[in-house]
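Readers should treat all values here as calculations from the given coordinates under stated rules, not as data from a laboratory. Worth saying up front: this structure is predicted, and the values here are computed from it rather than measured. Here the Cβ positions follow ideal geometry from the backbone for every residue, glycine too, while neighbour counts run over all protein chains shown.
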Amino acid sequence: MPPFQTLNSNIVWQCPWYAVRQDQILLPNGDHAEYNVVVKSQAVWVLPVTAQGDIVLVRQYRHTVQDWCWEIPAGSVKPGQTLAEAAHEELREEIGGVTDRLTYRGQFYTANGICNEVGHYFLAENVILGEPAHEPVEVMSIHPTPIAEVYRLARSGQISDATSLLVLLLCEPHLQ
């Protein structure tokens, strides 16, 4: 049984990508409290590896942090879409990639202190690059990079996107 009892929940703000839910809760000590939760759909992260052995990174501008970030393709799972369908779609949209070797590797919580988003990650091998279909808000460039160089970037702190780093870490044993 959870230690918090939810007394009431309301969506207090929303946009097409997420909502904010405000919960009135009863704490284990009997006190009442308010807890705000960012509500997001599930998402996928895909580590694309080409037949030549390069990991395909994207260099994306993130308005939230006013910085360019090294990342792997990722995106939300749309209603009615399977996780694998979402992974294939993100590959196509962000790097123009297609693959016949997509392997589900696991899941994680992306920001469990404030958000309910569950991230699922895949390893995509033998990726063939084509023409991407970026959304207008996606300002990014595509960078096939040797595996050793990607892990050097990760270990030196040049890859600062936590979810991309996590997927790189978790997939490293499968790349050797």
For an R0 of 25 angstrom, estimate the FRET efficiency from the Cβ-Cβ distance between Gln158 and Gln66 and round to the nearest 0.05. 0.90
Based on the Cα atoms of the range 43-175, what semi-axes does the equivalent ellipsoid have, where each is the square root of 5 times one gyration tensor eigenvalue, given in whole Å with the largest first? 19, 18, 16
Any idea what the relative contact order of the chain is, in percent, if you count C-alpha pairs under 8 Å spaced at least 6 apart? 23
For Leu57, residues with placed amide H under 5 Å, excluding near neighbours: His143, Thr145
Assuming a ≥ b ≥ c are the square roots of the Cα gyration tensor eigenvalues, decide whether the range 38-115 counts as rounded (a/c under 1.5), prolate (otherwise, with a/b larger than b/c) or oblate. oblate
Give me the one-decimal nm value for the distance between modelled label points at Gln52 and Val39, 7 Å along each residue's Cα-to-Cβ direction. 4.6
Taking the Cα of Gln14, stepping 7 Å toward and past its beta carbon, and measuring to each backbone N in the range 71-95: which are under 18 Å? 76-81
Counting only other residues whose beta carbon sits under 14 Å from that of Leu165, what net charge do I get with K and R as +1, D and E as -1? -1
Please give the residues of the range 68-109, grouped as numeric ranges, whose backbone N is less than 12 Å from a label point set 7 Å along the Cα-to-Cβ vector of His134. 69, 94-96
Can you tell me which of 12-19, 115-122, 146-153 comes out highest on packing, and rank the rest after it, using the mean Cβ neighbours within 10 Å? 115-122, 146-153, 12-19
Considering the dipole of the range 40-135 built from charges on the beta carbon (Lys and Arg +1, Asp and Glu -1) around the Cα centre, which of Gln52, Val65, Ile128 is farthest to its positive end? Val65
Separation between Cα centres of the range 57-111 and the range 1-35, rounded to whole Å: 29
